[in-house]
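Each reported figure results from applying straightforward, stated rules to the coordinates on display, with no laboratory input. Predicted model, so just to flag it, every value in this text is computed and none were measured. Cβ sites come from the backbone with ideal geometry, for glycine too, and all protein chains shown count toward neighbours.
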Amino acid sequence: MIERAMTGAGGAAWPAMSDMHIRALLTAPGTPFEMAEALIGGIATRIWRNAPADLALLARASATHGDRLATIYGDDRVSYAAQYRAITALAAHLRTIGIGKGDRVALAMRNLPEWPVAFFAIVGIGAICVPLNAWWSPAELAFGIADSGAQLAIVDGERHARIGEGTVPMLVARPTGPVAAPAQLLEAVIGACADWSALPEAALPDVAILPDDPAAIFYTSGTTGRPKGALGTHRNLATNILSSAYNTTRTMLRRGEMPPPAPEPKTGLLVIPFFHVTACSAVLMGMMASGGTMVLMRKWDAGEALALIERERVQATGGVPTIAWQLLDHPDRARYDLSSLETISYGGAPSAPDLVWRLHESFGVMPGNGWGMTETMATVTQHSAEDYLARPTSCGPPVPVADLKVMDVDGAGELPVGEVGELWVRGPMIVAGYWQRLEETAATFIDGWVRTGDLARLDDEGFCYIVDRAKDIIIRGGENIYSIEVEDVLYAHPAVTDAAVIGRPHRVLGEEPVAVVHLSPGCHVEAAELQVFVGERLAGFKVPVEVRFSDTVLPRNANGKILKGELRGWFAVG
């Protein structure tokens, strides 16, 4: 741990209040963060009493933000009033074409103002939104549509071209080429962004939606190589609104500041994709509730991000450590006025402890971190400001409605404080299970707890430290890469008889995939050819950045499992 002296507001000793005192104060009866108990799947679970009961209510409430800007994308500046008109217009169209409660609608596009409109139009009528990774290959996108049973896909022009005709009917935003039936222009239904304010004033239809009804299916790669759909509920996503607000209030009290009576709308630069639960659940839900403004980018570029921070007076940004490093290291950083920045938060990938202090010292911002996963619809722990500076290797304590425990690896018993084991989590943010995967659901979700597959320890104050991953996963700049998925593609090459994909540490990306292969006798293939072979079948971020060849079969243990630890020494740090 990095030891440094900490002070709070006005140079006062930090922390001004203990965590236990703050929790008792903030969650007392009659407060905004009051907790209650609900039966979820037959199990008594702590919940936020004041969280929206469903996402249709959240969408309706967002209209009260009126002329405040909801999204900024280039020259498009969309107010909350205009956004709600577009949501209701699209919702009415979906019902007209036969989409109803429980039906699945795929959503595949870049971070565009149309994305939150489509999401809330879908969930606002009780249908299930299926956000698909916009970086996926045509085959991966087709799998997500087929596996979810989506009846319709709402896509941007690039995804329309990638998916092709004949899969499902599509609504296409910002097309890049001709759009032929059964596809239809989204603009023909709701108009372009600039036209949304002129749409008729309407309301979302009255649909009976319960808090634990399904709202979204977010795909996460599985260790079998097939993506699994995590079935998130309205309660799951709404929980993040109060979890994030609680953390903000707690942080102020810890340093001796008085929090405002209501959340203050902030302007944030969103650089992580909406199709990740972090952006959709942890960011979008809170922005809709508070009236914050999301500045969107077509694609990540650190130089453009610095210019947007200056131009739009951005107060918060982040996503994964990659983004923080690139902002820090950009050669033109000093040219921009970044004085509006208050926080840079990230998670989703390994990060160096010194990143915390570099952000604080270079930008004058308070850093933030947290832990969650697709199966928890994002936020479980949150770590920010002085707490994070004091414990830079921790991902923070759990939010009050969540519980953590560390179990031995076979799940037979709970381990004492300080010991490393598998992290188990429970709370109202835990998804209902995997879409149409009964066996995998039963193995992962047990009596309200989710087995995370992460190895962790807890300290005596409840702060969590992720020390390793039990699952064979590589996290490259926030994107999950399951090695078996890439290995299966390598094995499909006729020259390859043995293959292993591992993560090599990378200062900016956290990790990057590299591979070791053994070829069949008499075969020869260049590393670049194997990279092209993988790239033709999987998303680009999954392609190994380096391929090395072994003259012998790869080392294995007595059970036949490849000893990847021995292979890591083949690669220098990136």
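Remark: the Arg548-Glu529 segment gains 5.6 nm on full extension, using 0.36 nm per residue and subtracting the alpha carbon distance.
Divided by 2.2 N^0.38 Å, where N counts the residues, the Cα radius of gyration of the stretch 150-215 comes to 1.37. The ranking of Arg226, Arg235 by Cβ neighbour count inside 10 Å, starting from the fewest, reads Arg226, Arg235. Ordering Ala539, Tyr491, His506 by the projection of their Cα atoms onto the charge dipole of the stretch 473-570, which places +1 on the Cβ of Lys and Arg and -1 on the Cβ of Asp and Glu, puts His506 at the extreme positive end. Near Ser137, once Lys and Arg are set to +1 and Asp and Glu to -1 for all other residues with Cβ below 10 Å from its Cβ, the sum equals +1. Within the chain, the whole DSSP H helices whose Cα atoms reach 20 Å or more along their own axis and whose mean Kyte-Doolittle score is at least 0.0 are 80-96. Comparing Gly232, Pro260, Pro205 along the charge dipole axis of the stretch 205-340, the residue lying farthest to the positive side is Gly232, per the Cβ-charge model. Taking a Cβ cut-off of under 11 Å around Val179, the surrounding Lys, Arg, Asp and Glu residues balance to a net charge of -1, with basic ones at +1 and acidic ones at -1. Close amide-amide hydrogen proximity is noted between Ala183 and Met170, each under 5 Å apart and 5 or more residues distant or on a separate chain (H modeled in the peptide plane; Pro and chain starts excluded). Put simply, when 27-39, 259-271 are sorted by average Cβ atoms within 10 angstrom per residue, most first, you get 259-271, 27-39.
Multiplying the residue separation of Ile446 and Arg333 by 0.36 nm and removing their Cα-Cα distance gives an extension gain of 35.9 nm.
Over 32 Å apart at the Cα level, from the set Lys266/Lys299; Lys101/Lys542; Lys228/Lys299, are Lys101/Lys542.
Please give the FRET efficiency for Met297 paired with Ser18, using the beta carbon to beta carbon distance and R0 = 30 Å, rounded to the nearest 0.05.
Rounded to the nearest 0.05, the efficiency is 0.15.
About the centre of its Cα atoms, the chain shows a dipole size close to 540 debye [charges on the beta carbon of Lys, Arg (+1) and Asp, Glu (-1) only; nearest 20 debye]. The distance separating the Cα centre of the stretch 454-499 from that of the stretch 415-446 comes to 17 Å. Considering only alpha-carbon pairs that sit under 8 angstrom and 6 or more positions apart, the relative contact order computed for the chain is 13 percent.
Subtracting the Cα-Cα distance of Leu57 and Arg311 from their residue separation scaled by 0.36 nm leaves 88.2 nm. Expressed in units of 2.2 N^0.38 Å, where N is the residue count, the Cα radius of gyration of the chain is 0.96.
Do me a favour and compute the ellipsoid semi-axes for the stretch 473-570 from its Cα gyration tensor, root of five times each eigenvalue, largest one first, whole Å. Value: 20, 17, 11 Å, ordered largest first. In this structure the amide hydrogen of Gly433, modeled in the peptide plane, comes within under 5 Å of the amide hydrogens of Leu231, none closer than 5 places in sequence on its chain. With contacts taken as Cα pairs under 8 Å at a separation of at least 6 residues, the stretch 473-570 carries a relative contact order of 26 percent. Scaling the Cα radius of gyration of the stretch 230-269 by the globular reference 2.2 N^0.38 Å produces a ratio of 1.46.
Going by neighbour counts of Cβ atoms within 10 Å, the residues Ser62, Ser384 line up, fewest first, as Ser384, Ser62. Going from the fewest other Cβ atoms within 10 Å to the most, the residues Ile122, Ile466, Ile72 appear in the order Ile466, Ile72, Ile122.
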